[in-house]
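Novice: One structure is given below, represented as structure tokens, and several questions about it will come after.
The numbers here are math on the coordinates, done by the rules we state, and not lab data. All figures in this text were calculated on a predicted structure; none of them were measured in a lab. Counting neighbours? That spans all protein chains shown, and the Cβs are built from the backbone with ideal geometry, glycine included.
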Amino acid sequence: MKSIRNLAVASCSLLLLTQCASQDEIRDLQYQLRSVNQKVEDVKTNTVSQMQKRQASSVSKIDQVEDDTQRLRSTLEETSSQTQQFRESTNESIARLQKSVDSTRTEHDAKINEINQKLTVLDEKLNQVAESFGKAQQTKITDAEKRAQEAAKKAEEAKQRAAALSSAPVAAAAVTATAGAQTGVVNVNPNTKKTKVAAAPPVPEPTPPAKTVEASATKKGTESAATKKGAEQPAAPATPAQKNAPPATAAAPATKAAESAPAAAGSDPLSQGMNQFKNKNYKEAYKSFEQNLSTNPKGSQAAKTLFYMGESLYNQGEYDLAILDYQKVISNHGSDGLASNALLKQGMSFEKLTDHETAKIIYKKLISEHGSSPEAAQAKERLGKL
């Protein structure tokens with residue numbers, strides 16, 4: 001554009017100069033004009049073509065940039081759409097997850113409340129059973145004390161009767177009559193003449209050994225019958241030798257009979273109870289275990305005694321009472337090896353009572369506290385069947 005303007009200015013100048021310039025000047029001007037035209041042509045040939053090429057190249061690049069920009073814009077729009085969809089999907093997932101968590105939390109809280117209520121009811125039942133069991137045990141103890149007092153009273157009465165019998169005149173008369181019969185002394189009528197008879201030395205009656213209190217009582221009854229029979233017969237007059245003889249003993253004292261009684265079977269109540277338990281005599285075994293526990297409630301065998309007391313009740317079908325004895329093992333002897341056994345049998349007792357929910361709680365406690373024990377494996381197996 002600048003070169004065209006210069007050309008126009010040169011043409012105008014040429015016109016002005018032609019009117020007032022000379023031929024030489026005109027010739028110079030024409031020469032200059034041809035030079036300018038040549039330069040303009042050169043400019044057109046070189047500069048304009050280069051500019052057109054550059055412009056064409058720029059246009060091509062601009063088109064390419066526009067295409068790239070369009071593709072980038074479409075990619076951004078697609079990415080934005082996907083991002084929006086992902087955000088919406090994520091929000092929906094979060095909402096569903098939150099709803100699920102709230103529902104699970106509500107159910108969990110409800111189950112915990114239900115379990116707590118069942119545990120409260122179970123504690124009340126256990127307290128009631130423990131109270132009734134304590135009353136029953138106290139009644140048994142009272143009855144046992146009464147029976148012991150009655151037995152002691154009867155033994156004292158038997159002792160007094162034996163002592164009275166051994167010193168009674170009737171017994172002495174019976175012994176004298178027996179001795180008279182053995183020496184051949186005859187009855188003499190007071191109205192007849194007296195005849196002197198040589199008297200033989202008296203033979204003392206041997207004292208039988210008293211083996212048991214019952215044998216002594218039987219002997220006392222026999223001696224009483226013999227005494228009565230001898231008293232019905234006329235007594236022979238006593239000779240001088242008989243008067244000087246010491247009185248014979250009618251019966252042995254009751255204390256001697258009691259001392260000669262054999263000892264009770266079994267070395268101790270625990271061993272005796274175990275033998276009875278093996279022989280399936282569960283009632284007697286429970287009594288033996290109870291006696292052992294009453295004599296040594298805090299000994300080394302207390303846990304074993306309590307456990308087998310529960311086992312005796314379990315085998316008799318008294319599951320509610322067995323649960324209490326198992327609980328004593330768990331509460332008072334938790335470090336003992338029988339604690340896991342007691343937990344297992346306690347859960348089985350609740351199964352027998354059809355209280356499966358409580359049985360599950362007991363089995364889970366056993367697995368949690370004694371996971372490596374064989375009882376825990378049994379608890380897992382039983383838990384899977386509930």
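Novice: Which of Ser271, Ser22, Ser288 has the fewest other C-beta atoms within 10 Å, and how do the rest follow up to the most?
Specialist: Listing Ser271, Ser22, Ser288 from fewest to most nearby Cβ atoms yields Ser22, Ser271, Ser288.
Novice: Assign one of three labels to the stretch 269-385, namely rounded, prolate or oblate, based on the Cα gyration tensor with a ≥ b ≥ c the square roots of its eigenvalues; rounded applies when a/c is under 1.5, prolate when it is not and a/b is larger than b/c, and oblate otherwise.
Specialist: Details: a/c = 2.23, a/b = 1.57, b/c = 1.42.
Prolate shape, in that a/c is at least 1.5 and a/b is the bigger ratio.
Novice: To continue, here is another question. Placing +1 at every Lys and Arg Cβ and -1 at every Asp and Glu Cβ, with all other atoms neutral, what dipole size does the stretch 20-98 have around its Cα centre, in debye to the nearest 20?
Specialist: 120
Novice: What spacing in nm lies between the two simple spin-label points modelled at Tyr31 and Thr83, each 7 Å away from Cα in the Cβ direction?
Specialist: Result: 7.4 nm between the two label points.
Novice: Ok, one more. Given a Förster distance of 41 angstrom, what is the FRET efficiency for Thr142 paired with Asp109, based on the Cβ-Cβ distance and rounded to 0.05?
Specialist: 0.25
Novice: Residues with beta-carbon under 14 Å from that of Arg96, excluding Arg96: net charge, scoring Lys, Arg +1 and Asp, Glu -1?
Specialist: -2
Novice: How large is the dipole of the stretch 1-152 about the Cα centre if only Lys and Arg carry +1 and Asp and Glu carry -1, each at its Cβ, rounded to the nearest 20 debye? Walk me through the intermediate numbers first.
Specialist: Values: 22 positive and 23 negative charges, 107 e Å.
Result for the stretch 1-152 is approximately 520 debye, rounded to the nearest 20.
Novice: Given the Cα atoms of the stretch 114-164, and with Rh set as the inverse mean 1/r over their pairs in the Kirkwood sense, what is Rg to Rh to two decimals? Write out the running numbers ahead of the final one.
Specialist: Values: Rg = 21.6 Å, Rh = 14.1 Å.
When Rh is taken as the Kirkwood radius, the ratio is 1.53.
Novice: Can you give me the Cα centroid spacing of the stretch 266-298 and the stretch 323-352 in angstrom?
Specialist: If we compute the Cα centre of each part, the gap is 19 Å.
Novice: Which peptide among 326-332, 291-297 comes first, and what is the full order, when sorted by highest mean count of other Cβ atoms within 10 Å?
Specialist: So the order, starting with the most tightly packed, is 326-332, 291-297.
Novice: Separate question: Given points 7 Å out from each Cα along the Cα-Cβ axis, report the Cys12 to Lys153 separation in nanometres with one decimal.
Specialist: Label-label distance for Cys12 and Lys153, simple model: 16.2 nm.
Novice: In Å³ and rounded to a whole number, note down the convex hull volume per residue for the Cα atoms of the stretch 41-137.
Specialist: 87
Novice: Right, another one. For a Förster distance of 56 Å, can you work out the FRET efficiency between the beta-carbons of Asn315 and Glu92, rounded to the nearest 0.05?
Specialist: After rounding to 0.05, the efficiency reads 0.40.
Novice: Using θ = phi - 60° and the Karplus form 6.51 cos²θ - 1.76 cosθ + 1.60, what ³J(HN,Hα) does each residue of the stretch 62-68 get, whole Hz, x for Gly and Pro?
Specialist: 4, 4, 5, 5, 5, 4, 4
Novice: Could you pull out the pairs from Lys111/Lys360; Lys118/Lys352; Lys360/Lys380; Lys135/Lys287; Lys118/Lys380; Lys278/Lys364 whose alpha carbons sit more than 20 Å apart here?
Specialist: Working: Lys111/Lys360 14 Å; Lys118/Lys352 17 Å; Lys360/Lys380 10 Å; Lys135/Lys287 16 Å; Lys118/Lys380 22 Å; Lys278/Lys364 31 Å.
From Lys111/Lys360; Lys118/Lys352; Lys360/Lys380; Lys135/Lys287; Lys118/Lys380; Lys278/Lys364, over 20 Å: Lys118/Lys380; Lys278/Lys364.
Novice: Dipole magnitude of the stretch 269-385 about its Cα centre, charges +1 at Lys/Arg Cβ and -1 at Asp/Glu Cβ only, in debye to the nearest 20?
Specialist: Magnitude of the dipole: close to 160 debye.
Novice: Just going by the charge dipole of the stretch 114-164, with Lys and Arg at +1 and Asp and Glu at -1 on Cβ, which of Leu126, Gln138, Ala155 is farthest out on the positive end?
Specialist: Farthest along the dipole direction, towards plus: Ala155.
Novice: Shifting gears a bit: Output the relative contact order of the stretch 300-386, whole-number percent, from Cα pairs under 8 angstrom with separation of 6+ residues.
Specialist: Taking the mean separation of contacting Cα pairs over the length of the stretch 300-386, I get 22 percent.
Novice: What is the pair-distance distribution P(r) of the stretch 20-98, computed from all Cα-Cα distances in 10 Å bins starting at 0, with each bin given as a whole percent?
Specialist: 15, 16, 14, 13, 11, 9, 8, 6, 4, 3, 1
Novice: May I ask you to sort Tyr286, Tyr31 by Cβ crowding, counting other Cβ atoms within 10 Å and putting the fewest first?
Specialist: Ranked by crowding around the Cβ, least crowded first: Tyr31, Tyr286.
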